Amino acid sequence: MYVSWIILGTAIIVLGIIAYNEGGFGKIAEGLGQGGSLFLYVLPNLLLGFTLAGLLQVLLPSEVIAKYLGQDSGWRGLLLGAGAGCITPGGPFTHFPILAAFLSKGAGVGPISAYLAAWALLGLQRFIVWELPILGSHFAMVRFGSSLVFPVIIGWLAGTVYYRLFH
């Protein structure tokens with residue numbers, strides 16, 4: 001976690017210097033104001049996502065999570081993670097706290113990575129609402145179909161690499 005703080009802090013300092021050079025403290029204040037507005041805009045989603053994640057941590061038994069999404073769940077866990085990622089609507093404010101709760105309850109890196117990959121590549125709500133009507137059925141079906149295998153491959157690869165490096 002501290003590495004991300006260092007990266008974000010460095011980016012803030014660099015962008016702060018650039019903003020100051022372009023417009024002085026007024027430009028920095030404008031940037032802080034924009035950041036504050038964005039924070040207030042996403043705050044309700046953050047509160048709901050973290051509340052949901054907390055309730056899931058309390059209500060879901062670790063044994064169930066480990067059985068279906070754990071490191072030893074094999075291909076079933078990868079397919080379940082990918083399937084859930086594909087059908088679950090919502091943005092990162094909802095998904096990441098829930099996935100963090102699952103990891104803390106025994107979910108494996110592979111199934112969680114498959115979930116994230118499917119959510120990003122195969123989100124059905126995005127496919128139905130945006131991709132099909134705007135880009136057309138031929139493109140949408142080919143793009144969706146050609147992406148189907150990747151969440152499982154990504155999950156398997158991420159789980160394999162993670163456990164070889166860190167366990």
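For the stretch 96-124, a residue qualifies if it is closer than 17 Å to LEU59 by Cα and either assigned to a helix (DSSP H, G or I) or without any contact (Cβ under 8 Å) to a residue 24 or more places away in the chain (or both), and the qualifying residues are PRO97, ILE98, LEU99, ALA100, ALA101, PHE102, LEU103, SER104. Tallying residues that are surrounded by fewer than 19 Cβ atoms within 10 Å (Cβ to Cβ) and either within 12 Å of the chain's Cα centre (by Cα) or more than 16 Å from LEU80 (Cβ to Cβ) (or both) within the stretch 99-123 yields 3.
Taking the criterion of being of a type in the set (Ser, Thr, Tyr) and either in contact (Cβ under 8 Å) with a residue 40 or more places away in the chain or not assigned by TED's automatic domain parsing to the domain that holds LEU80 (or both), the only residue of the stretch 143-160 that qualifies is THR160.
One residue alone among TYR2, TYR41 is surrounded by fewer than 12 Cβ atoms within 10 Å (Cβ to Cβ), among the aromatic types (Phe, Trp, Tyr) and modelled with pLDDT of 90 or more, and that residue is TYR41. Considering only the stretch 57-75, state which residues are in a helix (DSSP H, G or I) and either surrounded by 17 or more Cβ atoms within 10 Å (Cβ to Cβ) or aromatic (Phe, Trp, Tyr) (or both). Of everything in the stretch 57-75, those that are in a helix (DSSP H, G or I) and either surrounded by 17 or more Cβ atoms within 10 Å (Cβ to Cβ) or aromatic (Phe, Trp, Tyr) (or both) turn out to be GLN57, ILE65, ALA66, TYR68, LEU69, GLN71, SER73, TRP75. On inspection, GLY9 qualifies as part of a helix (DSSP H, G or I), more than 16 Å from the chain's Cα centre (by Cα) and surrounded by fewer than 12 Cβ atoms within 10 Å (Cβ to Cβ).
The values are calculated or read from the model by the stated rules, or taken from the named source; none is laboratory data. These numbers were taken from a predicted model, which means no experiment stands behind them. Every residue, glycine among them, receives a Cβ derived from its backbone with ideal geometry; neighbour counts consider all protein chains shown.
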